[in-house]
Structures are given as structure tokens and as C-alpha cells.
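To keep things clear, I will list the structure first and then write my remarks on it.
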Amino acid sequence: MTQTQITWIEGTVIDDEVHMSIVEISQATRAPEELIMSWVSEGVLSPAGSSPEDWRFSGDSLKRAKTAAHLTHDLELNTPGVALALDLLDEITRLRNQLLRTNLG
């Protein structure tokens, strides 16, 4: 008798032009609105709008918020730690892209 292992992968394609409210991004990331607000105050996310009721988050913000949620839940990082980790991940991406351009150019 053989056992079969099934892996469930869930993904969402989000257009960069999509603008989500704080409630929608909270639901998409499974992070409380208060945590989203702390990410905004720490500079992790930069929504358009002047107040939480008016904030609109782009598709890029959703990707960043999902990463922030994983860092918060999986690694138990606090908000400043999440901000630092995301800055470092952005820098790694920038350096990799620069290296690729240098090697291809």
C-alpha cells in the first residue's frame, strides 16, 4: 500500500492598479487592522490617502504586507524588525538585479 502526499498551493494574481482598503488588505493578509496601521506608521507600507478610512493599498503593497505578515507570524518579529527585514530583502533584490545587469551588459 502506498501513501500519496498532497500539497495545496494557494495563489492570487493582483494587478498593480488594484487599490485595496485597510479592511481588504487586512483580510487578504490575515493581519489585524491595528497591525496594518503599525506597519504604515513604521514605513513598511505606504498607502495613498490621509487617514486609515481613506487609505488605498496597491498590488505591490499587498505583496509587501503578505511578506510582513509572514515575518510577524513565522519569525515573531516586531514591527521595527519587520521594517528592517523588508529593507534588507529590498536591498538584496536591488543588488541581484544590479549584478544581473552587469553580467548581461
Over the chain, relative contact order from alpha-carbon pairs under 8 Å, at least 6 apart, %: 25
Value at 222 nm in deg cm²/dmol, rounded to 500, when DSSP H runs of n ≥ 4 in the chain each add -39,500 (n - 2.57): -18500 deg cm²/dmol
Loop GluC sites (Glu not before Pro), the range 52-105 (other Cβ atoms within 10 Å of the site Cβ: 16 or fewer; DSSP): Glu53, Glu76
Point-to-point label distance, Leu75-Val18, nm (Cα→Cβ direction, 7 Å offset): 2.5
Segment Gln98-Ile6, length gained on full extension (0.36 nm per residue, minus Cα span): 29.3 nm
Given charges at beta-carbon only (K, R positive; D, E negative), |dipole| of the range 22-104 in Debye: 480
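Readers should treat all values here as calculations from the given coordinates under stated rules, not as data from a laboratory. Computed from a prediction, not measured in an experiment: that's the story for all the values here. Reconstructed Cβ throughout: ideal geometry from the backbone, glycine too, with neighbour counts over all protein chains shown.
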